Amino acid sequence: MTTEINPALLAIYKKSDYRVHDRACPAFVMHIDEECWPLRDLMRREGVETACFVSAYNPRSEPRTDDENARAQEALRQDVMRRGLRFFEGVGEDPGGECAGEPCLLVMGVSREETEAFGLRYGQNALLWMEADGIPRLMLTR
């Protein structure tokens, strides 16, 4: 897919911390293109070979109000639940503080096509895609 994403924004995505902090599992941090043993272990426990990490906040990286973001994130959560997919709460954070953290969902057992559809449906530039190897990879949607 051809990218229209600003290179500086793409660099922020690549260096960000992607935290899972749900009460239903031990907290852990993921980084793009780095093996994440806690992710791999969680996927095995859940009996899945794929997952994604997605947010509905700030579509196209254009700031929205807190209320708009909260409504969009709840729509994403409801969408995931309607599909019967298990998920865990998380947040994507820029360790340099250039961008505010955004709540995310780690969605288990979702196909690559469904992952891309989530990104497109909720206007995200990119999201994380994971396979059984436990390595989060950046999936661009623009």
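Any read-out appearing in this document is the output of simple, stated calculations on the displayed coordinates, not a laboratory observation. What you see is a predicted model; the values in this text were computed from it and never measured. For neighbour counting, all protein chains shown are included, and Cβ atoms are generated from backbone atoms with ideal geometry for every residue, glycine included.
Odds and ends about this structure:
- Members of the range 15-54 found to be hydroxyl-bearing (S, T, Y) and out of contact with any Gly (no Cβ under 6 Å at 6 or more places or on another chain), listed by number: T50
- None of V91, V80, V110 is aliphatic (A, V, I, L, M), touching a strand residue (DSSP E or B) at 6+ places or on another chain (Cβ under 9 Å) and closer than 22 Å to K15 by Cβ except V91.
- Identity of the residue in the range 76-102, in a helix (DSSP H, G or I) and within 15 Å of the chain's Cα centre (by Cα), that ends up nearest to R44 (Cα to Cα): V80
Residue-by-condition table, conditions (1) closer than 16 Å to E102 by Cα; (2) among the β-branched types (V, I, T):
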site	(1), (2)
V20	yes, yes
A24	no, no
L42	no, no
V48	no, yes
T65	yes, yes
N69	yes, no
Q73	yes, no
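- Here the range 6-20 is the region considered, the condition is being surrounded by 12 or more Cβ atoms within 10 Å (Cβ to Cβ) and over 13 Å from the mean Cα position of the chain (by Cα), and the residue that is nearest to M130 (Cα to Cα) is K15.
- Subset of the range 24-39 (residues that are in contact (Cβ under 8 Å) with a residue 40 or more places away in the chain and assigned to a loop (DSSP other than H, G, I, E, B)): A24, C25, H31, I32, D33, E34, E35, C36
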